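Sharing a structure here in C-alpha cells format.
The values are calculated or read from the model by the stated rules, or taken from the named source; none is laboratory data. Keep in mind that what you see is a predicted model, and the values were worked out from it rather than measured. Glycine gets a Cβ as well: all are built from the backbone with ideal geometry, and neighbour counts include every protein chain shown.
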C-alpha cells in the first residue's frame, strides 16, 4: 500500500464545476475567522499562504510512528504519535518542499473525523483505520503497540488524510488545513467550534427506528446496500483470516521435512546429497509464506477500509432519515396548530383537546382569552411555516448534495475494489509461481537421490 | 519352504533361478551351507549375488498380478467383520488356473504373515497394516479406515509377489487360490518340522543384535535401523500433519469462493470481477482436493508402510549363542537386507518425487485459473471507455 500515496495525489482546487450548496458555509467561515484570530502571532504572511494553499499541488504523508509516554489525569500512559508531513510542489515536475511537519496521535485523527461528520452530514466521510486489530489470525498480534499493527495503522492514517485531501469539498475545510499545519492548540480550536453540541445525539442510537411516513426510496435502498456491504465484507475478512491461518500451517510444517532430511542425509550414504538439497528447498518453501501473507494483509486492509466506508454511507442515510423525520414532525405540528387555530376561530371542536374538555366542564373562556390564544397560535403558525419552508429547503439541498457525493463515492468504490481484487489475483499468481519453482527444484533433488 | 516344480523354471530367467536357489538354500535349510557347495556355473561369492539382487524386476518377468478391493461388511451373530476381494491373474504353471478370485478377511492376512515368518525367519516379511487405529477417533469401520487398510493389504500381497523367494511360498499360493473351506482346512495343519527349526534360526538371527561381539555389519545394520526408524517415524508424523493442515485449508477454502459470489449479487459494476474471483477460488479449491487425494494415495501409505517395516526390524531379542548356525543366517539376511534397502530408497524417492510432481501440477492449475481471470479483466478494460478523472 506504499503506492497509495502518489496514486491518490490530487490537485487541490477551489470549488468544482457544479456549485454545490453548503448548508454550513456560514459556520465554516466563522470557524475560519476564529482560527485566523488564533494565528495572529504567527506573522503577516500566513493569510496569503492559506489562500494559496489550495491552489498548489500538495503531498501528504504520515511518515513515521513513535512511541511516547504521556501524562494524563491518572497515570503515565504509552501511546503512539505519528508524523504528518505536508509538501507542496511548485510545478508538475518540480521538487517538493516540506512546508509543514507535526506530530498527531490517533485520538486527534478521531477528533478531526468526528468534526467532519457533524459539519458535512451529507458527505460519505472517509473512515479511519481500525482502532483495535480485528480479523486477526494466529500469527498477528492483537496488541495496539505491536510494530506490525502500528505500521499498518500508519499507512491507514496516511490513506485517510489523502482521501480527505482528494475530496472536492472536504479538502477545503479549515479545520483540516489546521490539522496539517498547526500542531499546538488545534484541539482547542476544534472544540471551540462547538461541534459536539451540534452533533445529533439521536445518531448515536444506531438501532433506534424513526417512523418516517414518506421515506425516500433511494435512501432506503442505499441503507440496505450499506448493511449488505458491511455484512459481506466482514464475513469475507473472517474467512480470509482463517484461510491465511491454515495456509500458514501447511507451509510451515513442510519446514520440518527440511530438518529431518538434513539429519537423515548425515547417515544415508546413497541418498544423502539428494536429501540434503531437497531439505533446503523445503525450508525455502516454508519461509516463503511470510512475505505472501504480509502482502495479503495489505489487501485485507483495503477491504477493511470499505467495510468502514459502508458505515459512513449508512451514517448519511441515517442523517437523512432523521432530517425527514424532523420535517414530518414539524409538518405534523404545524398542521395540528393550524387546526387548533381554526377550531378556536370558528368555535367548532372537531378534535378532542384537553383544553376543550376543561372548557366544557368548567365553563367557557372569555372572548379576550380566546383572542389571545388565537394570536399566539397565529404567530406560532407563521413561525412554523417559515421553519418548515427552510427545513424543506435544507432537506432538498441535503438530498441533492448527498446524492452527488454518493455517486462520487460509488465510482471511487468500484474503482478501488476492482483494483484491489485484481491485485489479489496478482498476489495469487506470484504465490503459484514461487510454488512451481520450489517444487520443481525439490522434484529434481528427489529424482537424483 | 519354497518348492520349485520343474516346469515352473521355464518361465524364469536363468539369473532369477540362480538367485532363488541361493535363497532357498540359505533361508530354510538349517544345515550348514558351505559356500563351495554352490554349482560352478553360479557366481561363487555372496557379494555378486547381492549385486544381482539390486536389479529391479523387469516388467515382462512379472507373472503374478494381485489386486485387493471391494470391501464388504459381514454380520453374524457373534461378530461383524470386513472381507476383501483378492483377485489374482497369473501365467505360472503351478497355478491350476490363470485367474482367481477369493474373499479374505484381516485374520487370513495375519495367518499368511505368520506362516511366512515361520518358514523364512531370516527374510524381511512385509508388514501388515495395524490391527486397529489407536490414535484419533477413527471408527473401526469408517470409510477412510477401510480404504487405508485395503491399500495396505494390497501392498502387502504385492510385496510378497515381488519377493524372489516369498513369491513361491505354498501358503501364499493357498491364500490366493483356496476357497473358504479349503483355506480353513489348510490352516489347521500344524507347523512343519522345518519351520520349527526355522524358528530357532530366526531367534538366533534376531539375537545377533543383542550380542556384544557381533560382526561389524550387524552393528552397522543395527545403527541404520535405529536411525532409519527415527527418521521415518518423524517423516510419517510430518506427512500426516501436512495432510491435516491441507485438509483444514481445503475446508476453509470451500467457504471462500461462495462469499465472493454472494457479494457480486449486491453489486453492479463489480459483479463481473467478483464473480471471476469466486470461480477462481472454487477451481483452486478443487485443485486442493486433488492434491489431498494425491497425498493420501501416494505419499502417506508408502511412508507408513516403512514405519511398520522399521518397527518390525527393531524387534529384539532372545540372546542365543549358536554362532555357527548364525553364519548361514547372516548371508541370507544380509542379501535380503540389501534388497530391502534398495527398495526402500526407490520407494521413498518415488513417493516424494511423485508428491513434488503433484504439487507442481496443483500450482500450475491455480496459476492458469488466475491468469485467465486477469486476461479477462484486462479485456474488459480495453472495451470500457476511459472514466472521467475527478
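From the set of residues in region B:235-246 that are touching a residue at least 12 places away in the same chain (Cβ under 8 Å) and at the interface with another protein chain (Cβ under 9 Å from one of its Cβ atoms), which is farthest from residue B:307 (Cα to Cα)? Break it down stepwise before answering.
Kept after step one, since they are touching a residue at least 12 places away in the same chain (Cβ under 8 Å), are these residues of region B:235-246: B:235-236, B:239-240, B:242-243, B:246.
Keeping just the survivors that are at the interface with another protein chain (Cβ under 9 Å from one of its Cβ atoms) gives B:235, B:239, B:242, B:246.
Values: B:235: 9, B:239: 12, B:242: 17, B:246: 22 Å.
So, considering only residues that are touching a residue at least 12 places away in the same chain (Cβ under 8 Å) and at the interface with another protein chain (Cβ under 9 Å from one of its Cβ atoms), the one farthest from residue B:307 (Cα to Cα) is B:246.
Are there helices (runs of 4 or more DSSP H) fully within region B:87-177 with at least 2 residues that are at pLDDT below 90 and under 25 Å from residue B:293 (Cβ atoms)? List them. It would help to see each step written out before you state the result.
Values: elements: B:106-119, B:143-162, B:170-177.
Filter on region B:87-177 gives B:143-162.
Residues are listed down the side, and each one gets a yes or a no for (1) touching a residue at least 12 places away in the same chain (Cβ under 8 Å); (2) surrounded by 14 or more Cβ atoms within 10 Å (Cβ to Cβ):
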residue	(1), (2)
B:72	yes, no
B:76	no, no
B:85	yes, yes
B:96	yes, no
B:99	yes, no
B:103	yes, yes
B:127	yes, yes
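Same structure, new question: Can you name every residue in region B:247-263 that is closer than 21 Å to residue A:255 by Cβ and in contact (Cβ under 8 Å) with a residue 24 or more places away in the chain?
B:247, B:249, B:250
State yes or no: is residue A:257 within 12 Å of chain B (Cβ to nearest Cβ), under 23 Å from residue A:438 (Cα atoms), more than 21 Å from the chain's Cα centre (by Cα) and at pLDDT 95 or above? Quick ask: steps written out before the conclusion?
On the way: within 12 Å of chain B (Cβ to nearest Cβ): yes; under 23 Å from residue A:438 (Cα atoms): yes; more than 21 Å from the chain's Cα centre (by Cα): yes; at pLDDT 95 or above: no.
Judged against the criteria, residue A:257 is not a match.
Turning to a different aspect of this structure: Please go through region A:260-274 and give me each residue that is touching a helix residue (DSSP H, G or I) at 6+ places or on another chain (Cβ under 6 Å), within 9 Å of chain B (Cβ to nearest Cβ) and part of a helix (DSSP H, G or I), ordered by number.
Answer for region A:260-274, where residues must be touching a helix residue (DSSP H, G or I) at 6+ places or on another chain (Cβ under 6 Å), within 9 Å of chain B (Cβ to nearest Cβ) and part of a helix (DSSP H, G or I): A:260, A:261, A:264, A:274.
Looking only at region A:397-422, which residues are more than 19 Å from the chain's Cα centre (by Cα) and buried (at least 17 other Cβ atoms within 10 Å of the Cβ)?
First pass over region A:397-422, keeping only residues more than 19 Å from the chain's Cα centre (by Cα): A:397-400, A:418-419, A:421-422.
Across region A:397-422, the qualifying residues are A:398, A:399, A:418, A:421, A:422.
Select, from A:170, A:162, the only residue that is free of Cβ contacts under 8 Å to residues at least 60 places away in the same chain and within 14 Å of chain B (Cβ to nearest Cβ).
Details: A:162 fails: free of Cβ contacts under 8 Å to residues at least 60 places away in the same chain.
It is A:170.
Output the residue which, of all residues in region A:235-254 that are facing chain B (nearest Cβ under 7 Å) and over 19 Å from residue B:256 (Cα atoms), is surrounded by the most Cβ atoms within 10 Å (Cβ to Cβ).
A:254
Something else: Scanning for something part of a loop (DSSP other than H, G, I, E, B), more than 19 Å from the chain's Cα centre (by Cα) and surrounded by fewer than 19 Cβ atoms within 10 Å (Cβ to Cβ), does region B:182-189 turn up at least one residue? So that I can check it myself, show each step before the final result.
Of all residues in region B:182-189, those part of a loop (DSSP other than H, G, I, E, B) come to B:189.
Filter once more, so that each one left must be more than 19 Å from the chain's Cα centre (by Cα): B:189.
Right, trim to surrounded by fewer than 19 Cβ atoms within 10 Å (Cβ to Cβ) and you get B:189.
Yes, because at least one residue in region B:182-189 is part of a loop (DSSP other than H, G, I, E, B), more than 19 Å from the chain's Cα centre (by Cα) and surrounded by fewer than 19 Cβ atoms within 10 Å (Cβ to Cβ).
Would you confirm whether any residue within region A:114-133 is at pLDDT 90 or above and surrounded by fewer than 18 Cβ atoms within 10 Å (Cβ to Cβ)?
Residues of region A:114-133 at pLDDT 90 or above: A:114-129.
Next, from what is left, pick out any that are surrounded by fewer than 18 Cβ atoms within 10 Å (Cβ to Cβ): A:114.
Yes, the conditions are met somewhere in region A:114-133.
Pick from region B:261-273 the residues that are more than 7 Å from chain A (Cβ to nearest Cβ) and surrounded by 18 or more Cβ atoms within 10 Å (Cβ to Cβ): which of them is farthest from residue A:414 (Cα to Cα)?
To start, the set of residues in region B:261-273 that are more than 7 Å from chain A (Cβ to nearest Cβ) comprises B:261, B:264-265, B:267-268, B:271-272.
Now narrow it down to the ones that are surrounded by 18 or more Cβ atoms within 10 Å (Cβ to Cβ): B:264, B:267.
Numbers: B:264: 12, B:267: 9 Å.
Checked region B:261-273; the qualifying residue farthest from residue A:414 (Cα to Cα) is B:264.
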